[in-house]
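These notes are about the structure you will find just below.
The values are calculated or read from the model by the stated rules, or taken from the named source; none is laboratory data. Just so you know, these numbers come straight off a predicted model, no measurement behind them. Cβ sites come from the backbone with ideal geometry, for glycine too, and all protein chains shown count toward neighbours. Just the protein is used for accessible areas: all its heavy atoms, side chains included, with ligands, DNA and RNA removed. Shrake-Rupley method; radii C 1.70, N 1.55, O 1.52, S 1.80 Å.
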Amino acid sequence: MIRGVYLLLLLCSLSYTQTTISISEQDSALLLEAFHLQAQLGPKVWKGWEGVKVPFLYRKDSMEFLLNHPLPSLDFESSEMLFYNQPIYWKRRSDFKKINASYPINGIATVIMSSPGEDEIKIEWVLKACHEMFHVFQENKLTKKLRETHEFDTGQYSGTNEISFPYPYAEDKILAIQKLESEKIFRLLKSDSLEIGNVKIQQRRFTDIIRITRELLKEQQFAQFKSHMEWKEGVARYVEQKLALKATENYSPSEGFITYYPKENYKMISPRYSYASTVAPIRFVGEGVIGKIMFYYLGMGKAYLLDRIQPDWKQEYFKKSLDELIVGEEQYLMCTQF
């Protein structure tokens, strides 16, 4: 009797192990849609961002599944599953935090996404995944020169990251100058036209804002952190918005996604991702929009502004900061010397 119970428990344990190291067809359809959307529309939003199979960590229930990774860390085990004809690696989760991010796994930039919640709109999850895929693209294309100007975790701030860095978000004078900057961006984006002469004037105004901001921030790492976050998170938000709008036009989701998520339609999110809805929060930076999210909107606003005043700005994006692209190299150097 005891032996029979033991065998039953063993069989249940083996069955549980088998089920927990497999990705369901529904989850596979979700993941494939993220890669499909990026492959189909990524190059149309950003020339050169071709369909790529970026390393991807998918966190579901008690498991983590590593896809497209050329060099998994030793804590991952190989499985018999394949994703794009590449082996899937797995391990048990050590925590159950909700994560949408990108960071290195064994030195290789990787997207990390928790599975969507039961009530979460799956299309929005797919767009967030593409947002993180663009971060991997940024990391892999970043030039040495620009990487050096993005260094904020040095000296007394060594060991900090984008979450823990002590940027003075709540200081009145910092909020004030960022309100001015965001209002300037918002008004220009709402302007019906930007003539060449007016653009030159606005570039000088931005030079003044950059100079004053640097004076108020006092420390070089604070200015570099702001520049880094706008360049990275702001432009990734811009790309996410552009992908969403492109998907509402003439895009066909992957077959598996249509099969498992028949109620999901990209047009259902068009009001949230419309240009008007996207631009509106920019003017509230430093007021209703505070904390780290300020940089998402400032950077996104600057990307949209560059679309208007310098349409080929993406060719220089991996060499220069957004502020340098807006005001020009000479003016930027003049107002950024500490």
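Answer with yes or no whether S164 is open to solvent by less than 40 Å² (accessible area, probe 1.4 Å) and either at pLDDT below 95 or among the polar types (S, T, N, Q) (or both).
Values: open to solvent by less than 40 Å² (accessible area, probe 1.4 Å): no; either at pLDDT below 95 or among the polar types (S, T, N, Q) (or both): yes.
No.
Which residues, taken from segment 248-265, are open to solvent by less than 70 Å² (accessible area, probe 1.4 Å), out of contact with any Ser or Thr (no Cβ under 6 Å at 6 or more places or on another chain) and part of a helix (DSSP H, G or I)? Lay out the reasoning, then the answer.
To start, the set of residues in segment 248-265 that are open to solvent by less than 70 Å² (accessible area, probe 1.4 Å) comprises 248, 251, 253-254, 256-257, 261, 264.
If we keep only those that are out of contact with any Ser or Thr (no Cβ under 6 Å at 6 or more places or on another chain) as well, we get 251, 253-254, 256-257, 261, 264.
Residues satisfying the conditions are G256, F257.
Any chance segment 129-147 includes a residue that's at pLDDT below 95, over 26 Å from K319 (Cβ atoms), in contact with a Lys or Arg (Cβ under 7 Å, 6 or more places away or on another chain) and open to solvent by less than 50 Å² (accessible area, probe 1.4 Å)?
No: segment 129-147 contains no residue that is at pLDDT below 95, over 26 Å from K319 (Cβ atoms), in contact with a Lys or Arg (Cβ under 7 Å, 6 or more places away or on another chain) and open to solvent by less than 50 Å² (accessible area, probe 1.4 Å).
For the subset of segment 49-74 comprising residues that are loosely packed, with under 13 Cβ neighbours inside 10 Å and without any contact (Cβ under 8 Å) to a residue 24 or more places away in the chain, which member is nearest to K246 (Cα to Cα)? Lay out the reasoning, then the answer.
At the first step, the residues of segment 49-74 found to be loosely packed, with under 13 Cβ neighbours inside 10 Å are 50, 61-62, 70-71, 74.
Restricting the remaining residues to those that are without any contact (Cβ under 8 Å) to a residue 24 or more places away in the chain gives 50, 74.
Details: E50: 15, L74: 40 Å.
Per the criteria, the residue is E50.
So that you can scan it fast, the table gives a plain yes or no per residue for (1) open to solvent by 10 Å² or more (accessible area, probe 1.4 Å); (2) touching a residue at least 40 places away in the same chain (Cβ under 8 Å); (3) acidic (D, E):
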| position | (1), (2), (3) |
| --- | --- |
| L180 | yes, no, no |
| E183 | yes, yes, yes |
| F206 | no, yes, no |
| A223 | no, yes, no |
| L243 | no, yes, no |
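In segment 80-99, what count of residues is obtained for those that are crowded, with 16+ Cβ neighbours inside 10 Å and either among the acidic types (D, E) or in contact with a Phe, Trp or Tyr (Cβ under 6 Å, 6 or more places away or on another chain) (or both)?
4
For the list (1) open to solvent by 20 Å² or more (accessible area, probe 1.4 Å); (2) over 26 Å from N265 (Cβ atoms); (3) out of contact with any helix residue (DSSP H, G or I) (no Cβ under 6 Å at 6 or more places or on another chain), I need the number of the one condition that S102 fails.
The single condition S102 does not satisfy is (3).
Which of the residues that make up segment 266-298 are exposed (fewer than 13 other Cβ atoms within 10 Å of the Cβ), within 28 Å of D172 (Cα to Cα) and free of Cβ contacts under 8 Å to residues at least 24 places away in the same chain?
Those that are exposed (fewer than 13 other Cβ atoms within 10 Å of the Cβ), within 28 Å of D172 (Cα to Cα) and free of Cβ contacts under 8 Å to residues at least 24 places away in the same chain: S277, G288.
S73 fails exactly one of the following numbered conditions: (1) modelled with pLDDT of 95 or more; (2) under 23 Å from I23 (Cα atoms); (3) of a type in the set (S, T, N, Q). What is the number of that condition?
So S73 meets the others, but not (1).
It is to be established whether one or more residues within segment 208-215 are open to solvent by less than 20 Å² (accessible area, probe 1.4 Å), of a type in the set (A, V, I, L, M, F, W, C) and at pLDDT 95 or above.
no
Within segment 109-135, how many residues turn out to be part of a strand (DSSP E or B) and farther than 25 Å from L245 by Cβ?
So the first thing to find is which residues in segment 109-135 are part of a strand (DSSP E or B), and the list is 109-114.
Still in the list and also farther than 25 Å from L245 by Cβ: 109-110, 112, 114.
Residues that pass the stated criteria total 4.
K200 - would you say it is at negative phi, touching a residue at least 12 places away in the same chain (Cβ under 8 Å) and basic (K, R)? Write out each step before concluding.
Details: at negative phi: yes; touching a residue at least 12 places away in the same chain (Cβ under 8 Å): no; basic (K, R): yes.
Criteria not met by K200.
Considering only residues that are assigned to a helix (DSSP H, G or I) and open to solvent by less than 50 Å² (accessible area, probe 1.4 Å), look in segment 315-338 and name the one that is nearest to E139 (Cα to Cα). Steps first, please.
We begin by selecting, within segment 315-338, every residue assigned to a helix (DSSP H, G or I); these are 315, 322-327, 329-335.
Those left that are additionally open to solvent by less than 50 Å² (accessible area, probe 1.4 Å): 322-327, 332, 335.
Numbers: L322: 16, D323: 19, E324: 19, L325: 19, I326: 22, V327: 24, Y332: 23, C335: 27 Å.
It comes out as L322.
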